[in-house]
Amino acid sequence: MSIPATRFPVTRVVLAAIALYAVAIAAALAQPPAPLTMEGKESLYQRVIAVPGAALHASPGDDPDIAQPVTPFSVFYVYERESRDGVPWMRVGLDSRGDIRGWLPAEQAVDWRQTLTVSFKDPAEQPRVMLFEDRDALQSLVDANDTAAWRELREQAAAGDLRDSPVAAIQPDGFIDIRRNFYLVPILGHEDVLVGDWQARLLEVASVPLHYGRDQDPYRAGVVFVIDTTLSMQPYIDRTRDVVRRIYDEIDDAGLSDRVSYGLIAFRDSLDAVPQLEYLSRKYADLTESGEEFLRQVGRVRATSASSDGFDEDPWAGVMQAIDDIDWSGHFARYVVLITDAGPRLPDDPHSSTGLNSSEMRDRLLQRGISPWVVHLRTASGARNENHEFAEREYREFAAIPDIGTFYHPVDAGDVDDFGDALESMLGQLTAQVRSAASGFQPLQPGASEREERLAALDEFGESVARLGYALRMDYLGRRGDGEAVPLLFDAWMLDRDPEAPETQAIDVRVLLTRDQLSDMHDLLRRILERAEEGAFAPDRFLDELRSLAAIVSRDPEAAQVIPGEGTTLAELGYMREYIEDLPYRSEVMDLDLGTWRQWTAQEQFEFINQLDSKVAYYRALHDNLDLWVSLDGGPVDGDSVYPLLLEALP
């Protein structure tokens, strides 16, 4: 039977429709999932902050032993919520483009609706800010307006004494520039109050507690020097003693002498090869001894006058004795600082006492929770023996801590002054971390001290030290002496004006904008600017132009989200409404009453346009400066990278 010719076009149409449908289905399947939007919002996504101790699961309710730990205060987008056996869970991702990482129990994250964060000012110019565990206690102090009581509480907290105090923590005494060393103190809520005659706000923030003497032992650091005492090392031994004496003075002044301890191991080389060396390694001071006793023992250390067999020596003998013979108990943060001018003897060397290579030696330390550091003195004799390249390669391997960084620092030409500066900076960083821990404040990445600022060569080293210190303190927070968990997150309260100096803001409030959001703001303001420039010449048309633009932008999927409305201000028309509503500030641009615009003189309109033009230029410059953006997932800068923008810099 023949098929009528008229059926072919129909068949082609059906096949074409099926093909188009298949393409549409494939496109829908290829489209990455989008995060959930906030309640009452159309363009702002739900975001949460992981608390210390949080872990990602492959599915809700799976085996917690195979869950992946999460870096404390990581920020996630929420893609799905569900309950399993009465327990609420969230499916979370690192960005808004479908990079989903797993499921978090809802109790292990905090909803972060407004993405507001605190940045602290320089304590050299502004009194340090206190965090209160109880809102009502802070409110009572504000109502009483008792500056003397406020001052007494601050002095007590600065001394590290939080017993019987409503203060839970205090800002560190060193300045941390959030633009250079990003940290996160998320704001969860805010209330208006009066401080004297000044308008102020109570800010509810997420913080982590360090309640010493209640649930766990104090956070203590132990540093053991493993020092080369072969020929020519005496100047470095003496300088180490001088540096530690200065650091001890700083510790005593801060009231932290019981929080940092030092030990000392000296090493030389094989006695089988050169018996005149007297010892392979020797313990001079344990962590259990006092600071004065440590300094006295360092004074007894003398470099040998005998020469080793070859240029390489046996530092691993000293490191092994530091592992086995030092009493590390009671010290949560543990460090071995190796100081030498020669390379190590490796397993194929007949004079090696341990038979371990550099990575195996490092692993022995890490198994005991000890972090390896190296100060490599690149002396002229090492250069003559062509030892520097070999030694650096091995010590970099030895001092590399996975996911943290490499704690290797070379001192070119073995300059004694440079060595002293570097060692003082390193130990100063550790002391600063202990001070920060004692104050209860936990920034994401602690900032550098003034001494570190002057030592550009230590910048990368200092960043690694900051990451290591933060990781150690977060781990510490998750433990008790009995192995049980401690409370890992609590809501603290602070005041954004200080009763002793209420005329200035005590802290800065910033909104954590993504790079995509800033790009949207820039594009929208640029288009408003164009309308404003036209409106300066035809003010009667300005409102109609803006209403028209709102309608156009709301239908443009590539432009900023605008939901057209009716009103007499830009915000009421829909511009940036979701970005700025509920924020604790008044927008200079978005709250402009358009009736007022008509009444302005041409000069006033031009001044407004210039202000708008300045913001557009600032947003463009900020967007294009990749060094300023922080990728919370540790990856390259992208649209979900963030910048802590001052509220006053919003439109």
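The values are calculated or read from the model by the stated rules, or taken from the named source; none is laboratory data. What you see is a predicted model; the values in this text were computed from it and never measured. Don't worry about glycine lacking a Cβ; one is built from the backbone with ideal geometry, like all the others, and counts go over all protein chains shown.
Here are the numbers:
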item	result
Considering residues of the range 286-334 that are closer than 10 Å to Ala266 by Cβ and among the small types (Gly, Ala, Ser) only, the residue surrounded by the most Cβ atoms within 10 Å (Cβ to Cβ)	Gly318
Matching residues in the range 97-110 - criterion: being touching a residue at least 60 places away in the same chain (Cβ under 8 Å) and either of a type in the set (A, V, I, L, M, F, W, C) or assigned by TED's automatic domain parsing to the domain that holds Leu202 (or both)	Ile100, Ala109, Val110
All strands (runs of 3 or more DSSP E) inside the range 67-153 with 3 or more residues being of a type in the set (D, E, K, R)	75-84
The range 59-99, residues that are buried (at least 20 other Cβ atoms within 10 Å of the Cβ) and touching a helix residue (DSSP H, G or I) at 6+ places or on another chain (Cβ under 7 Å)	Pro72, Trp89, Met90
Test: Arg241 is closer than 18 Å to Ile323 by Cα and either in the same structural domain as Ile326 (by TED's automatic domain parsing) or within 33 Å of the chain's Cα centre (by Cα) (or both)	no
Condition met for Pro372 (in contact with a strand residue (DSSP E or B) (Cβ under 7 Å, 6 or more places away or on another chain) and buried (at least 21 other Cβ atoms within 10 Å of the Cβ))	yes
Any chance Val75 is of a type in the set (Val, Ile, Thr) and either farther than 12 Å from Ala106 by Cα or in the same structural domain as Pro186 (by TED's automatic domain parsing) (or both)	yes
Residue within the range 42-57 that is buried (at least 21 other Cβ atoms within 10 Å of the Cβ) and acidic (Asp, Glu) present	no
Positions within the range 108-131 being over 22 Å from the mean Cα position of the chain (by Cα) and charged (D, E, K, R), in sequence order	Glu125
Residue list for the range 148-159, restricted to those being in contact (Cβ under 8 Å) with a residue 24 or more places away in the chain and either touching a Cys at 6+ places or on another chain (Cβ under 6 Å) or surrounded by 15 or more Cβ atoms within 10 Å (Cβ to Cβ) (or both)	Trp150, Arg154, Ala157, Ala158
Selection within the range 361-394 - over 34 Å from the mean Cα position of the chain (by Cα) and charged (D, E, K, R)	Arg384, Glu386
The listed residue being on the phi > 0 side of the Ramachandran plot and either at pLDDT 90 or above or not assigned by TED's automatic domain parsing to the domain that holds Ala285 (or both), out of Gly310, Gly343, Gly355	Gly355
Extreme residue, modelled with the lowest pLDDT, among residues of the range 65-82 that are under 27 Å from Leu184 (Cα atoms), touching a strand residue (DSSP E or B) at 6+ places or on another chain (Cβ under 7 Å) and not hydrophobic (A, V, I, L, M, F, W, C)	Pro72
Single unsatisfied condition, Ser261 versus (1) closer than 29 Å to Leu346 by Cβ; (2) assigned to a strand (DSSP E or B)	(1)
Test: residue in the range 394-402 that is exposed (fewer than 14 other Cβ atoms within 10 Å of the Cβ) and either assigned by TED's automatic domain parsing to the domain that holds Ile237 or touching a strand residue (DSSP E or B) at 6+ places or on another chain (Cβ under 9 Å) (or both)	yes
Scan of the range 197-228 for residues that are assigned to a loop (DSSP other than H, G, I, E, B), in contact with an Asp or Glu (Cβ under 9 Å, 6 or more places away or on another chain) and either modelled with pLDDT of 75 or more or surrounded by fewer than 20 Cβ atoms within 10 Å (Cβ to Cβ) (or both), ordered by number	Asp215, Pro218, Arg220
Any pair with Cβ under 7 angstrom, 6 or more apart, that starts in the range 113-124 at a residue that is among the β-branched types (Val, Ile, Thr) and ends at one that is part of a loop (DSSP other than H, G, I, E, B)	Thr117/Leu184; Thr117/Val185; Val118/Val185
So Leu271, is it assigned by TED's automatic domain parsing to the domain that holds Ala383, in contact (Cβ under 8 Å) with a residue 40 or more places away in the chain and either out of contact with any helix residue (DSSP H, G or I) (no Cβ under 9 Å at 6 or more places or on another chain) or surrounded by 14 or more Cβ atoms within 10 Å (Cβ to Cβ) (or both)	no
Failed item, numbered, when Glu191 is tested on (1) modelled with pLDDT of 75 or more; (2) under 23 Å from the mean Cα position of the chain (by Cα)	(2)
Residue list for the range 344-358, filter: in contact with a strand residue (DSSP E or B) (Cβ under 8 Å, 6 or more places away or on another chain) and either of a type in the set (Lys, Arg) or not in a strand (DSSP E or B) (or both)	Arg345, Ser358
Residue match in the range 284-300 (condition: under 16 Å from Thr229 (Cβ atoms) and in a loop (DSSP other than H, G, I, E, B))	no
Condition check for Ala254: modelled with pLDDT under 90, within 22 Å of Ser165 (Cα to Cα) and in contact with a strand residue (DSSP E or B) (Cβ under 7 Å, 6 or more places away or on another chain)	no
Residue match in the range 110-127 (condition: on the phi > 0 side of the Ramachandran plot and surrounded by fewer than 17 Cβ atoms within 10 Å (Cβ to Cβ))	no
Number of positions in the range 403-423 that are in a helix (DSSP H, G or I) and surrounded by fewer than 20 Cβ atoms within 10 Å (Cβ to Cβ)	5
